[in-house]
Amino acid sequence: MAKSIQDILNIIKEKDIKMVDFKMVDINGQYRHVTIPAENFSEDTMKSGIGFDASNYGYAVVEKSDMVFIPDPDTAVIDPFCSIPTLSMTGNAMVIASPENKPLAQYPRNIIRAAVDYMKKSGVADEMKILPEFEFYLFDDVAWEVSGRQIAASVDAVQSYWNSAVEGKGVVVPKQKNYHIAKPFDISYECRSEMCMLMKDMGIEINYHHPEVAASGQFEIEPQLGEVVHMADATMMIKYIIHNTALKYGKSATFMPKPIYGEAGSGMHVHMILFKDGQPVFSDDNGYSNLSETAHYFMGGLLKHIGSLCALTNPSTNSFKRLVPGFEAPVTVGYATSNRSAVIRIPAYAKSPDKRRFELRNPDATCNPYFCYAAILMAGLDGVKNKIDPHANGWGPYDMNLYHLSDEEKAKLSHLPTSLDEALNCLEADHDYLTEGGVFPEELLKNFIAAKRAECAELAKIPNPAEFDKYYNL
């Protein structure tokens with residue numbers, strides 16, 4: 001929307017902006033923000049930044065926590081969810097130093113930019129484009145309690161099959177039968193269309209939106225391919241728009257990978273392409289599924305490091321309740337064309353050289369997108385650097401439904417971690433590819449692992465309502 005400080009000042013004047021909001025990202029990939037009156041915004045704001053305590057964001061120890069946030073004018077958008085005219089910007093965190101501030105190496109946006117710089121220096125490519133698919137649920141009601149008195153959660157979606165006896169008009173969707181369902185069953189159509197229009201207003205181009213498989217309010221919005229740093233910013237904004245628009249329509253949005261037992265989980269499949277000098281790096285008319293040797297090596301890197309990647313691409317205990325057989329979620333370490341049971345799928349419909357690509361199917365939107373996309377890039381580049389051939393390593397191509405293999409055949413295959421604890425073990429043992437070129441600081445990974453270990457330990461102590469069903473009367 002803007003390219004210079006003067007552009008920002010012009011927008012403030014022309015749109016009668018009253019507040020300027022600065023959105024920052026914590027270690028978990030959640031927005032935090034601080035707001036100043038528009039009359040206080042100046043050229044010095046862009047140069048000197050806004051001070052904040054990084055220890056409360058999960059990045060720095062208290063003794064070294066004073067940082068400044070430097071806004072990026074190219075990210076400026078008018079926030080549609082503020083009744084008072086508000087201009088919003090994201091940007092980068094800097095360490096206060098003399099003679100000039102330096103980037104905080106642990107800050108997510110700085111990490112994805114460092115990964116892109118590393119890619120350019122490697123000579124493999126000068127641009128990465130990605131397309132994340134956003135699956136999510138829209139509920140009409142949600143409530144939970146975790147206390148000594150009660151451990152419970154409840155959700156409701158008016159059109160869900162469980163309301164067939166109470167809805168009164170018969171407008172309910174059978175279990176797991178929601179995919180592309182039309183009106184009158186698609187009751188959130190206008191809500192999602194408004195989400196997409198707001199995304200477009202903010203410079204995020206959209207391919208489509210549609211109902212997903214789960215009958216209890218699951219949907220998908222798919223943006224167009226975009227440069228990886230832009231798409232990391234866009235991922236944050238897409239989630240922001242979905243959450244806030246849902247509330248406007250009296251609904252609640254969630255990106256939890258598995259909010260409902262027995263229904264499909266929500267993932268964030270990530271399609272990817274590399275370009276060099278404007279030419280696609282992954283295309284080869286003579287390669288398997290028209291993919292180049294470099295593309296195969298890139299896939300090899302992803303598959304080699306998939307266990308440790310899961311700690312960053314699927315960083316919640318709930319993530320691994322989605323990564324189970326039977327719901328089109330990947331569980332097998334392998335690649336194939338048009339196969340949703342393998343962790344890497346090559347879409348057969350991507351025919352032209354500049355569209356030939358593959359998708360990594362295990363990520364979900366509980367991830368910090370900056371960490372997720374940077375880790376994917378670094379794993380792939382490691383595969384190219386070390387010429388990791390996925391076929392030679394026995395990872396495919398698996399052009400069959402891997403769910404239908406016999407137990408004996410399945411035992412020969414490699415599988416994704418089955419818990420966050422297991423994924424964290426993998427990350428501890430395998431992270432050198434992430435720290436190459438100083439992209440992921442070792443300190444950040446240690447802090448991340450420690451925080452997630454504490455999270456796992458905390459949740460492991462809490463009784464599960466299903467345990468009452470299994471053990472109460474024994």
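Given the conditions (1) out of contact with any strand residue (DSSP E or B) (no Cβ under 7 Å at 6 or more places or on another chain); (2) assigned to a loop (DSSP other than H, G, I, E, B); (3) assigned by TED's automatic domain parsing to the domain that holds residue 444, and given that residue 125 satisfies all but one, which numbered condition is not satisfied? Here residue 125 meets the rest and fails (1).
Applying a threshold of 6 Å to beta carbon distances and a minimum spacing of six or more residues, or different chains, the list of pairs starting in the stretch 250-269 at a residue that is within 22 Å of residue 29 (Cα to Cα) and ending at one that is basic (Lys, Arg) and at pLDDT 95 or above reads 257/322; 258/321; 258/322; 265/258; 265/322; 269/361. Note on the stretch 203-220: residues that are loosely packed, with under 15 Cβ neighbours inside 10 Å and either farther than 15 Å from residue 234 by Cβ or over 18 Å from the mean Cα position of the chain (by Cα) (or both) amount to 1.
Examine the stretch 60-73 for a residue that is under 25 Å from the mean Cα position of the chain (by Cα), in contact (Cβ under 8 Å) with a residue 12 or more places away in the chain and part of a helix (DSSP H, G or I), and state whether such a residue exists.
The answer is yes, given that some residue of the stretch 60-73 is under 25 Å from the mean Cα position of the chain (by Cα), in contact (Cβ under 8 Å) with a residue 12 or more places away in the chain and part of a helix (DSSP H, G or I).
The single condition among (1) in a strand (DSSP E or B); (2) of a type outside the set (Val, Ile, Thr); (3) more than 22 Å from residue 380 (Cα to Cα); (4) at pLDDT 95 or above that residue 131 does not meet is (3). Within the stretch 138-152, the set of residues being surrounded by fewer than 17 Cβ atoms within 10 Å (Cβ to Cβ) and assigned to a loop (DSSP other than H, G, I, E, B) comprises 147, 148, 149, 150.
Looking for something modelled with pLDDT of 90 or more, exposed (fewer than 14 other Cβ atoms within 10 Å of the Cβ) and assigned to a strand (DSSP E or B) - is there at least one such residue anywhere in the stretch 153-168? Within the stretch 153-168, one or more residues are modelled with pLDDT of 90 or more, exposed (fewer than 14 other Cβ atoms within 10 Å of the Cβ) and assigned to a strand (DSSP E or B). Quick one: is residue 435 within 29 Å of residue 107 (Cβ to Cβ), touching a Leu at 6+ places or on another chain (Cβ under 8 Å) and surrounded by fewer than 15 Cβ atoms within 10 Å (Cβ to Cβ)? So residue 435 passes the test. For the stretch 102-109, the criterion of a residue being under 24 Å from residue 29 (Cα atoms) and part of a strand (DSSP E or B) is satisfied by at least one position.
Of all residues in the stretch 443-463, which are surrounded by 12 or more Cβ atoms within 10 Å (Cβ to Cβ) and either more than 15 Å from residue 27 (Cβ to Cβ) or in contact (Cβ under 8 Å) with a residue 40 or more places away in the chain (or both)?
Within the stretch 443-463, the first condition is being surrounded by 12 or more Cβ atoms within 10 Å (Cβ to Cβ), and the residues that meet it are 443-449, 451-453, 455-456, 459.
443, 444, 447, 448, 449, 451, 452, 455, 456, 459, listed by residue number.
Do we have residue 52 as closer than 25 Å to residue 440 by Cα and either in the same structural domain as residue 26 (by TED's automatic domain parsing) or not hydrophobic (A, V, I, L, M, F, W, C) (or both) here? Considered against the rule, which asks whether it is closer than 25 Å to residue 440 by Cα and either in the same structural domain as residue 26 (by TED's automatic domain parsing) or not hydrophobic (A, V, I, L, M, F, W, C) (or both), residue 52 comes out as yes. On the given criteria, is residue 398 assigned by TED's automatic domain parsing to the domain that holds residue 278, of a type in the set (Phe, Trp, Tyr), within 20 Å of residue 304 (Cβ to Cβ) and out of contact with any helix residue (DSSP H, G or I) (no Cβ under 7 Å at 6 or more places or on another chain)? For residue 398, the condition - assigned by TED's automatic domain parsing to the domain that holds residue 278, of a type in the set (Phe, Trp, Tyr), within 20 Å of residue 304 (Cβ to Cβ) and out of contact with any helix residue (DSSP H, G or I) (no Cβ under 7 Å at 6 or more places or on another chain) - is met.
Only residues that are surrounded by fewer than 24 Cβ atoms within 10 Å (Cβ to Cβ) and within 20 Å of the chain's Cα centre (by Cα) were counted across the stretch 366-396, and they come to 1. Residue 29 meets each of the listed conditions (1) surrounded by 13 or more Cβ atoms within 10 Å (Cβ to Cβ); (2) modelled with pLDDT of 90 or more; (3) more than 24 Å from residue 365 (Cβ to Cβ) apart from (3).
One residue stands out among those in the stretch 80-96 that are within 13 Å of residue 49 (Cα to Cα) and of a type in the set (Gly, Ala, Ser): the one that is surrounded by the most Cβ atoms within 10 Å (Cβ to Cβ), which is 93. Filtering the stretch 416-474 to residues that are more than 30 Å from residue 151 (Cα to Cα) and β-branched (Val, Ile, Thr) leaves 435, 439.
Using the structure shown, decide if residue 114 is at pLDDT 95 or above and either closer than 30 Å to residue 66 by Cβ or surrounded by fewer than 17 Cβ atoms within 10 Å (Cβ to Cβ) (or both).
For residue 114, the condition - at pLDDT 95 or above and either closer than 30 Å to residue 66 by Cβ or surrounded by fewer than 17 Cβ atoms within 10 Å (Cβ to Cβ) (or both) - is met.
Within the stretch 169-180, the set of residues being of a type in the set (A, V, I, L, M, F, W, C), in a loop (DSSP other than H, G, I, E, B) and at pLDDT 90 or above comprises 172 only. For the stretch 88-122, the set of residues classified as of a type in the set (Gly, Ala, Ser), more than 24 Å from the chain's Cα centre (by Cα) and not assigned by TED's automatic domain parsing to the domain that holds residue 346 consists of 97, 98, listed by residue number.
The stretch 329-432 holds helices (runs of 4 or more DSSP H) entirely within its bounds, and those carrying 3 or more residues that are among the aliphatic types (A, V, I, L, M) and at pLDDT 95 or above map to 369-385, 420-429.
Annotation: residue 200 fulfils all but one of (1) over 15 Å from the mean Cα position of the chain (by Cα); (2) of a type in the set (D, E, K, R); (3) surrounded by 17 or more Cβ atoms within 10 Å (Cβ to Cβ); the unmet one is (3).
Restricting attention to the stretch 221-234, does a residue exist that is more than 20 Å from residue 313 (Cα to Cα), within 22 Å of the chain's Cα centre (by Cα) and touching a residue at least 12 places away in the same chain (Cβ under 8 Å)? Yes: one or more hits. Here the helices (runs of 4 or more DSSP H) wholly within the stretch 274-325 that include at least 3 residues being under 17 Å from the mean Cα position of the chain (by Cα) and of a type outside the set (D, E, K, R) are 306-313.
The values are calculated or read from the model by the stated rules, or taken from the named source; none is laboratory data. Everything numeric in this text was worked out from a predicted model, so none of it was measured. Heads up, the Cβs are rebuilt from the backbone with ideal geometry, glycines too, and the neighbour counts pull from every protein chain shown.
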